Every structure is written in structure tokens, then in C-alpha cells.
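K.L.:
Dumping the structure here so I can ask a few things about it.
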Amino acid sequence: MIHVRFSPSPTGFLHVGGARTALYNWLFARHHGGTFSLRIEDTDRQRSSQEFTEDILEGIKWLGLDWDTGPIFQSQRLELYNRYIETLLSSDKAYHSEEEGKKAVRFRMPHDALEFKDTIRGTITFDASLIEDFVLRKADGFPTYNFACMVDDAEMRITHVIRGDDHIANTPKQIALYKALGLESPQFAHLPMILGEDGARLSKRHGATAVKEYRDLGYLPDALVNFIALLGWSPGEDREVVSREEMVKCFTLERVGSTSARFDKTKLDWMNSLYIRQTPAGELLRGLKPFLSRAGVDVGGLEESWLKALVELYRERFKTLQDFFLQTSFFFTEEVEYQPEVVDKFFKKETLTGVLQEVHDELSGLEDFKKETLEGCLRRLVESKHISFGKLAQPLRVAITGRAVSAGIFETMELLGKEKTLKRLSHCLHTFCRAGSPPEANLPRA
Ligand code: GLU
């Protein structure tokens, strides 16, 4: 039976690299029908915090990576580590030392050459004589990372250690400990580094690296999981869009490359748009509501079916949940903010006034405000004026949305409703259009 774990140190927020480690462990466990455990490595008392622990757990949950056991906290297992210390001390494989005037315990590092076979990297050899006797128990009574990690991996019967390649240098120390205790080492698999677009190791310099930043920007967990999965692993056949179920089915460490992966933000945005297009409107709406509320929209006061229709109308257009509100804000306000450059471009023509006034009058007379009715009405109008619909559509769009880009004009008017549509039209007529130009001086002929 396969047992793996994700064992973050709560010394920072869950970042993309940590999320990938967690995901690969989870996929590996689910693929093999093994177990996935969570362990919080909080033995560095100065740098560990409750806030980071909560952030990590929340992030893992949000990504949908369920765990089978844990989280266990190393800070609560001192007794266990001390038992192992006693064993090592009594066989002279460890000894008391003095660190900063206080008693600590160091491991007597054997000096024979060390070699291990990394599942991803192949054979890695170390000159153990270059590794000094390292501390097992610090002066504050807490174990060091290498020691606690090894003890817990042994206690939890971890079969595969899948982690970032920044831990390669720790591996010989951990293997030496297994040997000293007469225990078998797990299989190690070190994941390649994640680089930013400029080829340097991914860091805050490259923008958002914390999982919660992506959550707060409105990326969907499924999209982020799919994207992160491809940072080092490939499902084969150039496939990129892979559901969780498919990933579980075909995830193997053999398909994890040893060369570093590149974090491509454009690809993440593309992936997110794609998942937005595929997600049922009701589910998207659940994700969107907190964003709308945060933007000041009284979501409870709106019809669910109206909101769903709006989601359907915009699902091809928004890239993130946050972006949805940015694109649709004019639906949620009484007054529209008109972008000055757009107004200048479309309204400062005296020729417009007549037609927009007629649009207003025609629409006022409509009984129903369905998109088909609106389309029929406006197409008849432009025909009678011998102008192309395109000439009318853009100023009309600006009048009711305040912007030059929106979803389909008829659908937009239908969802906005008669009252708001007319109110905006007449506002524009009074504010931006030059009054008094005769209806004959209409738009240029098509
Ligand atoms: N606590 C270590 C870290 O956060 C994990 C080490 C391991 O997976 O062995 O990097």
C-alpha cells in the first residue's frame, strides 16, 4: 500500500510550488489507491505561525485535495522524537553537544559515500564526508527539520517522499538516519524547480505566488489545479485540459520531467477562461456571489434566474470571477459612469441625436422587452432610415453601458430592462448629444 504526505512548514502562505507538491502527492495517492496525509512541520518556533497553518489548510481544501489522515503537528510530538533520540544516544550514533550555551544533540554522521535513486532524477551521489554532524534536537528542545521529518516519515510508514528539489541536499542526512536506526528509506522523488517567465526561480517578483492571491482574484480551483498539474507533469499526447478524474487515472511519476517548469500566466488565464466556459451557470454564480458582494452588490435582492442569465451572457468574456464584475458593473448600478474618451468618440456628433431620440421613442412603446422584439424594432428603424445597423449599435451600446465593449446589445437591453435602458438613453440625449438637431440630419447614410 502506498502512503504519501504533504508536510509544509507553516512559515509562509501556501504558494504555487507548495500547491504543486501537495497536488502531485494527492494524485499519486489517488492513482494508486493509497493514502494522502497532512503533516504540519512546525518545529521552528520562531518562524511558524497559526496564520500560515490556517492559510495552508484552507488553500489545500480550496484546491479540493482531500486528505485521509492529519493534519498532525510536529510540535505536539516531542515525546516521540525524544524516544528516537534516546535510541540513537544509547547506541552512540548521536551525542550531546552544546549550542549557544545550551544542551543539544547531534547525529554522528557516518562518512561513507551515500547514494540514492531518485525516481525523477536518477542516481544521486553525495560525499558524506562533507556533511558535518548535524543537530537532531535543538537547544530549545525541539527537533530539527531533518530529524523530525525522518522520524515521522518512518512512523507514518511513508512509502514515497515527493517534494521540491530544494530538499535534495537534505536527503543524504535523512537516509543516514534511516540507516543508523536500521530502517528502510522511502522512495524519493524530487520535483523540478518552477521558474518565472524570465527564467529565474518563481518568486514574488513575478507577481502573485500565493494560492490565496489566485483565489482572491477569482481563478477557479479546477483551473488552477489543471494548470499547476502541468508544471512538471504531462498527461501525454500534448493534452493540456485534463479533468481531475483523468489526472488521477493517468498520473505517474514517470511522466514528471526533470527539467524545470515555467509558470506562464497567459496560459493560466487561458485555462481559467476555458473552465469558466465549461462550468454550469449555477456553480459559477456560487463562486461569483462573494465577489459581487465585495463590490457592493446586494446579491440577495436580485433574482437568481436573472443573475444566471447574466452569467450565461458573459461567460465567454470574463477571464476571472473578479473580471466578471468589472465587465458587468453597469448592470448593477443606477447611474452609469461614461468613459470620457468613449463619449467623445460616439456622442459629439450632432447627427446622432435624431436617431437616438427615435430609438428612445420606439422602445418606449414596446410592450415586451425581449431580445427578439428589440432586434425587430431596431432593425426596422434603421431600415427606414437607410442606415446600417452598425452605425447605430455602437452609440447605443455606449449610451446604455457607458463603454465601447459589451455583450450583445439586444441581450444586454433585455437583461437591463426597459426602465433602465430608457433612462440611460434619455440621460445621454440630454447630457451628451447636441440638442435640437433635426431628425433629418441623421447618421451618415450606409
Ligand atoms: N517542511 C518541508 C517544507 O515545507 C517539507 C519537507 C519534506 O517534504 O520533506 O519544505
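K.L.:
Being part of a loop (DSSP other than H, G, I, E, B) and of a type outside the set (S, T, N, Q) is the filter; apply it to segment 36-48 and report the residue that is farthest from the ligand (Cβ to nearest atom).
P.N.:
Applying the first criterion (part of a loop (DSSP other than H, G, I, E, B)) to segment 36-48 yields 41-48.
Applying the additional criterion that residues be of a type outside the set (S, T, N, Q) yields 41-42, 44-45, 47.
On the way: Glu41: 4, Asp42: 9, Asp44: 9, Arg45: 14, Arg47: 11 Å.
Here the answer is Arg45.
K.L.:
I need the full set of residues from segment 159-169 which are near the ligand (Cβ under 9 Å from one of its atoms) and buried (at least 17 other Cβ atoms within 10 Å of the Cβ), in order please. First the steps, then the outcome.
P.N.:
At the first step, the residues of segment 159-169 found to be near the ligand (Cβ under 9 Å from one of its atoms) are 161-164, 166-167.
Scanning segment 159-169 gives Val161, Ile162, Arg163, His167.
K.L.:
Further question: Residue check: is Arg277 of a type in the set (Lys, Arg) and touching a residue at least 60 places away in the same chain (Cβ under 8 Å)? Before the answer, list the steps.
P.N.:
Values: of a type in the set (Lys, Arg): yes; touching a residue at least 60 places away in the same chain (Cβ under 8 Å): no.
Answer is no for this residue.
K.L.:
So, one more: Only one of Gly282, Gly199, Gly236 is in a helix (DSSP H, G or I) and not acidic (Asp, Glu); which?
P.N.:
Details: Gly199 fails: in a helix (DSSP H, G or I); Gly236 fails: in a helix (DSSP H, G or I).
On inspection, the qualifying residue turns out to be Gly282.
K.L.:
Then there's this: Out of (1) in contact (Cβ under 8 Å) with a residue 24 or more places away in the chain; (2) over 24 Å from the mean Cα position of the chain (by Cα), what's the single condition that is false for Phe324?
P.N.:
(2)
K.L.:
Give Lys212, Lys173 a once-over and let me know the one that is within 13 Å of the ligand (Cβ to nearest atom), touching a residue at least 24 places away in the same chain (Cβ under 8 Å) and charged (D, E, K, R).
P.N.:
Values: Lys212 fails: within 13 Å of the ligand (Cβ to nearest atom).
One residue alone meets the criteria, Lys173.
K.L.:
Of all residues in segment 121-143, which are within 14 Å of the ligand (Cβ to nearest atom) and either modelled with pLDDT under 95 or surrounded by fewer than 21 Cβ atoms within 10 Å (Cβ to Cβ) (or both)?
P.N.:
Quick first cut of segment 121-143, residues within 14 Å of the ligand (Cβ to nearest atom) only: 142-143.
Of everything in segment 121-143, just one residue is within 14 Å of the ligand (Cβ to nearest atom) and either modelled with pLDDT under 95 or surrounded by fewer than 21 Cβ atoms within 10 Å (Cβ to Cβ) (or both), namely Phe142.
K.L.:
Ser97 - would you say it is more than 44 Å from the chain's Cα centre (by Cα), free of Cβ contacts under 8 Å to residues at least 60 places away in the same chain and surrounded by 12 or more Cβ atoms within 10 Å (Cβ to Cβ)?
P.N.:
Numbers: more than 44 Å from the chain's Cα centre (by Cα): yes; free of Cβ contacts under 8 Å to residues at least 60 places away in the same chain: yes; surrounded by 12 or more Cβ atoms within 10 Å (Cβ to Cβ): yes.
Taking the combined requirement at face value, the residue satisfies it.
K.L.:
A further question on this structure: Checking the conditions here, which among Asp344, Asp361, Asp368, Asp323 is assigned to a loop (DSSP other than H, G, I, E, B) and not β-branched (Val, Ile, Thr)? Don't jump to the end; show me each part of the working.
P.N.:
Working: Asp344 fails: assigned to a loop (DSSP other than H, G, I, E, B); Asp361 fails: assigned to a loop (DSSP other than H, G, I, E, B); Asp323 fails: assigned to a loop (DSSP other than H, G, I, E, B).
Unique residue meeting the criteria: Asp368.
K.L.:
Take Gly232 and tell me if it is surrounded by 18 or more Cβ atoms within 10 Å (Cβ to Cβ), on the phi > 0 side of the Ramachandran plot and not basic (Lys, Arg). First the steps, then the outcome.
P.N.:
Details: surrounded by 18 or more Cβ atoms within 10 Å (Cβ to Cβ): yes; on the phi > 0 side of the Ramachandran plot: yes; not basic (Lys, Arg): yes.
The answer is yes for Gly232.
K.L.:
Please determine, by comparing only the residues of segment 316-348 that are more than 30 Å from Tyr219 (Cβ to Cβ) and buried (at least 16 other Cβ atoms within 10 Å of the Cβ), which one is modelled with the highest pLDDT. Before you say what the answer is, go through the steps one by one.
P.N.:
At the first step, the residues of segment 316-348 found to be more than 30 Å from Tyr219 (Cβ to Cβ) are 334-335, 338, 340-341, 343-348.
Those still in the list that are buried (at least 16 other Cβ atoms within 10 Å of the Cβ) too: 338, 343, 346-347.
Details: Tyr338: 88, Val343: 83, Phe346: 81, Phe347: 76.
Applying the filter and picking the extreme gives Tyr338.
K.L.:
Right, something else. Tell me which residues, restricted to segment 371-398, are outside any helix (DSSP H, G or I) and among the aliphatic types (A, V, I, L, M). Spell out the reasoning first.
P.N.:
Our first condition is that a residue be outside any helix (DSSP H, G or I); within segment 371-398, this holds for 386-388.
Result: Ile387, single match.
K.L.:
Shifting gears a bit: Which one of Arg244, Arg215, Arg205 is farther than 30 Å from Lys93 by Cα and modelled with pLDDT under 95? Full working, then the answer.
P.N.:
Working: Arg244 fails: modelled with pLDDT under 95; Arg215 fails: modelled with pLDDT under 95.
Going through Arg244, Arg215, Arg205 in turn, just one is farther than 30 Å from Lys93 by Cα and modelled with pLDDT under 95: Arg205.
K.L.:
Can you confirm whether Asp153 is within 16 Å of the ligand (Cβ to nearest atom) and surrounded by fewer than 17 Cβ atoms within 10 Å (Cβ to Cβ)?
P.N.:
Numbers: within 16 Å of the ligand (Cβ to nearest atom): yes; surrounded by fewer than 17 Cβ atoms within 10 Å (Cβ to Cβ): no.
When the stated conditions are applied, Asp153 does not pass them.
K.L.:
For segment 294-304, check the following and say yes or no: at least one residue is under 30 Å from Asp222 (Cβ atoms), in contact with a Phe, Trp or Tyr (Cβ under 9 Å, 6 or more places away or on another chain) and assigned to a helix (DSSP H, G or I).
P.N.:
Yes - at least one qualifying residue is present in segment 294-304.
K.L.:
While we're here: Which of the strands (runs of 3 or more DSSP E) contained wholly in segment 91-193 include at least 3 residues that are within 30 Å of Gly33 (Cβ to Cβ), among the hydrophobic types (A, V, I, L, M, F, W, C) and touching a Lys or Arg at 6+ places or on another chain (Cβ under 9 Å)?
P.N.:
187-191
K.L.:
Can you name every residue in segment 147-170 that is closer than 25 Å to Glu98 by Cα and either in contact with a strand residue (DSSP E or B) (Cβ under 8 Å, 6 or more places away or on another chain) or touching a residue at least 60 places away in the same chain (Cβ under 8 Å) (or both)?
P.N.:
Looking only at segment 147-170, we keep the residues that are closer than 25 Å to Glu98 by Cα, and these are 147-151, 169-170.
Scanning segment 147-170 gives Phe147, Ala148, Cys149, Val151.
Yes or no, residue by residue, for (1) within 16 Å of the ligand (Cβ to nearest atom); (2) within 21 Å of Tyr145 (Cβ to Cβ):
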site	(1), (2)
His3	yes, yes
Gly12	yes, yes
Thr21	yes, yes
Arg30	no, no
Gly34	no, no
Leu80	no, yes
Thr87	no, yes
Asp92	no, no
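K.L.:
Next question. Residues to consider are Phe389, Phe369; find the one that is under 29 Å from Arg317 (Cα atoms) and at pLDDT below 95. Before you say what the answer is, go through the steps one by one.
P.N.:
On the way: Phe369 fails: at pLDDT below 95.
Exactly one residue qualifies, and that residue is Phe389.
K.L.:
Sticking with this one: Hey, can you tell me all the residues within segment 38-52 that are surrounded by 19 or more Cβ atoms within 10 Å (Cβ to Cβ) and more than 19 Å from Asn146 (Cβ to Cβ)?
P.N.:
The answer is Leu38, Phe52.
K.L.:
Show the residue pairs that are 6+ apart or on different chains and have beta-carbon atoms under 6 Å apart, the first residue being within segment 1-23 and without any contact (Cβ under 8 Å) to a residue 60 or more places away in the chain, the second being among the aromatic types (Phe, Trp, Tyr) and part of a strand (DSSP E or B).
P.N.:
Ala22/Phe6
K.L.:
Still on this structure, I have one more. Test Leu274 against the stated conditions and say whether it is in a helix (DSSP H, G or I), surrounded by 14 or more Cβ atoms within 10 Å (Cβ to Cβ) and hydrophobic (A, V, I, L, M, F, W, C). Break it down into steps so the answer makes sense when it comes.
P.N.:
Values: in a helix (DSSP H, G or I): yes; surrounded by 14 or more Cβ atoms within 10 Å (Cβ to Cβ): yes; hydrophobic (A, V, I, L, M, F, W, C): yes.
So Leu274 fits the description; yes.
The values are calculated or read from the model by the stated rules, or taken from the named source; none is laboratory data. Note that the coordinates shown come from a computational prediction; the quantities given were computed from them, not determined experimentally. All Cβ positions, even for glycine, are placed from backbone atoms using ideal geometry, and neighbour counts span all protein chains on display.
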